[in-house]
Amino acid sequence: MNKKTIEDIKVKGQPVLVRVDFNVPQDDTGRITDDRRIRAALPTINYLREHGARVILTSHLGRPKGVTPKYTLAPVARHLAELIKSPVPLLPDCLGEEVERKTAAMHDGEVVLLENVRFHPEEEKNDPAFAAGLAKLAKIYVNDAFGTAHRAHASTEGVAHIIPGVAGYLMKKELAYLGDALGNPKRPFIAILGGAKVKDKIGVIEQLMGKVDRLIIGGGMAYTFFKAQGYEIGKSLLDETSLDFCRQTLAKAGDKLLLPVDVVIGDANPFDVGPDSVKSQVVTAESIPSDWQGVDIGPETIRKFSQAVQGAGTVVWNGPMGIFEFERFAVGTRAIAKALAQSGAVTIVGGGDSAAAVEQLGFAEKMTHISTGGGASLEFLEGKILPGVAALQDR
Ligand code: AMP
């Protein structure tokens, strides 16, 4: 990576503004149900504390419209304090006079958390005056929020134009794994894409097609490819606007592209009627009845996809193979997670649903890298420059 990191600068005695991604899921009582993103930021936070920095953390949580008590970072501050075994006061805002006073009074090695940066609409607008207000709190900026690095917001990008910005350990690690997978993969290099919409992944498919030895497409995306081949897909997911793209990809890809050969279909959408009320059966890909819909990949497909993964040197996976939210239709997604875990390949799981599935199914320890960023990892795989990374200082 050609960007400076926290190890390249002197942090002792300095107020350091650290953008982290503490956008963690919570239940109705405010209990954090998955603290992976908080734990992933600990190496950076601990390094800065141990080296005498004054650590001022900033993050967003959810999509609040203005100040919304439900989206306070208070539970996160409490949880982080337990993890680092040291107090983490939550300041009442992310900028302004009181916050300036409190951060100016910090001692070396102390940590504070600023309140949800998205309580201000100026954050997502990358408003220069707002970015200046954040920058005023510190001498150095550290970006460790890979999950939002694809967004040019005030706290992820704007602030790095005002005070010098460097990468934290999580950012460095994400870029190293994803960068190596794309730039210097151990071959055969296989990519597996799933999820709902082809449209969201056109850029990734185009980019990966030129790099991988095999591109496997499953999940809801596969049905638009089936339709492009002239198959009946019944009520399965169809992304009409991507039909031409699928036709072109099929024509170009030849053997490189692997699609499901059989699918599990249901007589209704499990989200509409509940999973237990859905009648299901396995059919070949080209024989979906007109009033049924695809909900998972079939057993023969699982066997083929798993076999392809067995011989791989590198596997990148993004997107579930079926409606994995329901146990009954998570069979394909689980089988792919297991195949990756057993493959011996360098395995990289894009964030979002596939990362959640791998965690849930207990295969997390077996993967080489699970990205903390869904959208960011996809944009990276598309070959796009992430604005939050571009704004950091070059080495
Ligand atoms: P994405 O956000 O594009 O990665 O898509 C994730 C969503 O795709 C999940 O909510 C899955 O339920 C959904 N999905 C995966 N396979 C299918 C399918 N065969 N039919 C409908 N939805 C699917």
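The values are calculated or read from the model by the stated rules, or taken from the named source; none is laboratory data. What you see is a predicted model, and the numbers here were worked out from it, not measured in a lab. Here Cβ is always computed from backbone atoms with ideal geometry, including for glycine, and neighbour counts include all displayed protein chains. The area values use the complete protein model at the heavy-atom level, side chains included, leaving out ligands, DNA and RNA. Shrake-Rupley method; radii C 1.70, N 1.55, O 1.52, S 1.80 Å.
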Item checked: Computed P(r) (all Cα pairs; segment 185-381; 5 Å bins; percent) -> 1, 8, 18, 22, 22, 16, 9, 3, 0
Next item on the list: Return the sequence-ordered ³J(HN,Hα) values of segment 352-362 in whole Hz as given by the Karplus equation 6.51 cos²θ - 1.76 cosθ + 1.60 applied to θ = phi - 60°, using x for Gly and Pro.
Entry: x, 4, 5, 5, 4, 4, 5, 5, 4, 8, x
Notebook entry, point to check: In whole Hz, what ³J(HN,Hα) sequence does segment 275-280 give by Karplus (6.51, -1.76, 1.60; θ = phi - 60°), x for Gly and Pro?
Noted result: x, 6, 8, 8, 7, 9
Item checked: Förster radius 30 Å - calculated FRET efficiency between T68 and T33 (Cβ-Cβ, nearest 0.05) -> 0.95
Check: When each pair of different Cα atoms in the chain is counted once in the 1/r mean, what is the Kirkwood radius in angstroms, to one decimal?
Finding: 22.3 Å
Next item on the list: Could you provide, to the nearest whole Å², the per residue accessible area of segment 70-181 with probe 1.4 Å?
Entry: 41 Å²
Notebook entry, point to check: Per residue, how many Å² of accessible area does segment 185-381 show with a 1.4 Å probe?
Noted result: 40 Å²
Note to self: Ignoring ligands, DNA and RNA, please state the percent of accessible area on the chain from carbon and sulfur, probe 1.4 Å.
What the structure shows: 49 percent
Next item on the list: Using DSSP, restrict attention to beta bridges with both residues in the chain and report what percent are antiparallel, rounded to the nearest 5.
Entry: 25 percent
Notebook entry, point to check: Taking K and R as +1 and D and E as -1, what net charge do the other residues with C-beta under 12 Å from the C-beta of I32 add up to?
Noted result: +1
Next item on the list: Could you sort out which of K197/K252; K186/K338; K125/K256; K136/K366 sit more than 32 Å apart by Cα distance in this structure?
Entry: K125/K256; K136/K366
Check: How big is the Cα convex hull of segment 10-101 in projection, averaged over all directions, in nm²?
Finding: 6.4 nm²
Margin query: Once each part is reduced to its C-alpha centroid, what is the distance from segment 87-138 to segment 169-228 in angstrom?
Written below: 37 Å
Checklist line | Surface accessible to a 1.4 Å probe, D144 within the full protein complex, Å² | finding: 0 Å²
Margin query: 7 Å from Cα along Cα→Cβ at both E300 and A196: what's the point-to-point distance in nm?
Written below: 3.0 nm
Margin query: At 1.4 Å probe size, put K4, K197 in order of accessible surface, largest to smallest.
Written below: K197, K4
